[in-house]
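*Asks:* Mind looking over this structure? Questions follow.
The values are calculated or read from the model by the stated rules, or taken from the named source; none is laboratory data. Computed from a predicted model, the values in this text were never measured in an experiment. Cβ coordinates were reconstructed from backbone atoms using ideal geometry, including for glycine residues, and neighbour counts include every protein chain displayed.
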Amino acid sequence: MKSIYLYLACLLSISLFACQGNGRYPDVQQGKLMASASAYEFIDIDGTRHLLQEVKGTYKLLVFYDPESEESFGLIAAMKQSVPLAQWVASGKVNVVAICVNGDLSQWSAYRKRIPSQWINGFDLKGEGGVEPYFFLTSFPRLVLLNDANEEMKTAMGLDALIPFLEK
């Protein structure tokens, strides 16, 4: 009789432990199930609200950054020095949208001299929470490449991973 109780206790504990958690595990595919990037909203340096669908270009390169982060400063500096990126921006193949997701408006305004004038300089009024429904980002800075239909093509931490992709 004791063995039946022991068996039932083991079965019950296994079933309880197996049911814990919500079953959602972040992975690369999760971004595909999120809200359409076309509806992502940000403001420009003049305070005008924009939807991502209004940005035109064969590709849209989103640069999500934190103005207080040395990594963000380094990434944007490297992007400004990239000859291929400058050529693609000049030709209209790539439209770069730099979006500040951390910090306040004064930090963003002070940071604007670091953003090239050919890029769109954006600010997410909702902060990181505004990005989450549209893009699965684990840290900043982060690059997200979209096609003209605002479908995510590639996410990367650095420009080196995107240049070969754009050269194809």
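*Asks:* Looking at segment 90-104, is at least one residue aliphatic (A, V, I, L, M) and touching a residue at least 60 places away in the same chain (Cβ under 8 Å)?
*Replies:* yes
*Asks:* ALA149 passes all but one of (1) under 24 Å from SER38 (Cβ atoms); (2) not in a loop (DSSP other than H, G, I, E, B); which number fails?
*Replies:* The number of the failed condition is (2).
A quick yes/no check of all residues on (1) over 17 Å from ASP160 (Cβ atoms); (2) modelled with pLDDT of 95 or more:
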residue	(1), (2)
SER36	yes, no
ASP46	yes, no
GLY57	yes, no
ASP66	yes, no
ALA77	no, yes
LYS80	no, yes
ALA86	no, yes
ASN95	yes, yes
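*Asks:* Which members of segment 120-134 meet the condition of being assigned to a loop (DSSP other than H, G, I, E, B) and crowded, with 19+ Cβ neighbours inside 10 Å?
*Replies:* Matches in segment 120-134: ASP124, TYR134.
*Asks:* When segment 107-131 is examined, which residues are found to be of a type in the set (Asp, Glu) and touching a residue at least 60 places away in the same chain (Cβ under 8 Å)?
*Replies:* Hit for segment 107-131 is ASP124, nothing else.
*Asks:* Next up: Checking the structure you have, find out if any residue of segment 135-145 is under 18 Å from ARG49 (Cβ atoms) and assigned to a loop (DSSP other than H, G, I, E, B).
*Replies:* No, there is no match, as no residue in segment 135-145 is under 18 Å from ARG49 (Cβ atoms) and assigned to a loop (DSSP other than H, G, I, E, B).
*Asks:* Report the residue count in segment 152-168 for those that are touching a residue at least 24 places away in the same chain (Cβ under 8 Å) and outside any loop (DSSP other than H, G, I, E, B).
*Replies:* The qualifying residues number 7.
*Asks:* (1) surrounded by 13 or more Cβ atoms within 10 Å (Cβ to Cβ); (2) at negative phi; (3) out of contact with any helix residue (DSSP H, G or I) (no Cβ under 9 Å at 6 or more places or on another chain): which one isn't true of THR155, the others all being true?
*Replies:* (3)
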